Amino acid sequence: MAPFRTVSRRDFRELMALERTHMANERTMLAYVRTAMTLIVAGFSLIQFFRDNFFVWVGVALVPIGVGVIVAGWLRYRQKTAHMSQDATETFPNTTAAV
């Protein structure tokens, strides 16, 4: 069993702040996914249930917009996660942060 490292209150607060930031980043990614799914489903619904050209074209436009939202959210999530990991390693060099 590995010995426990004593952590000061300040370090503990900073570690918990990193965890909260990581969870907020995950929530933001889930919001991107939820929004993208709504756009995609709305697009397919417009295509399926309406035969008027205007609604079909709006539906056709919503599907790639939804895919674009998922890609943008994923890229943002990866960028923020990499930035947080870099900050965590600089702040706590002897700790493996679960970010």
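The values are calculated or read from the model by the stated rules, or taken from the named source; none is laboratory data. Since we're looking at a predicted model, the values are computed, not measured. Don't worry about glycine lacking a Cβ; one is built from the backbone with ideal geometry, like all the others, and counts go over all protein chains shown.
For this structure, a couple of remarks:
- The residues in the range 61-86 that are under 21 Å from residue 24 (Cα atoms) and in contact (Cβ under 8 Å) with a residue 24 or more places away in the chain can be counted, and the count is 10.
- Positions within the range 18-74 being in a helix (DSSP H, G or I) and among the aromatic types (Phe, Trp, Tyr), in sequence order: 32, 44, 49, 54, 55, 57, 74
- Answer residue from the range 2-17, given it is exposed (fewer than 10 other Cβ atoms within 10 Å of the Cβ) and not in a helix (DSSP H, G or I) and is modelled with the highest pLDDT among those: 8
- Pairs where the first residue, in the range 4-28, is closer than 21 Å to residue 79 by Cβ and the second is in a helix (DSSP H, G or I) and at pLDDT below 80, C-beta under 8 Å, 6+ apart: 18/87; 18/88; 18/91
- Test: residue in the range 22-29 that is of a type in the set (Asp, Glu) and over 30 Å from residue 83 (Cβ atoms): no
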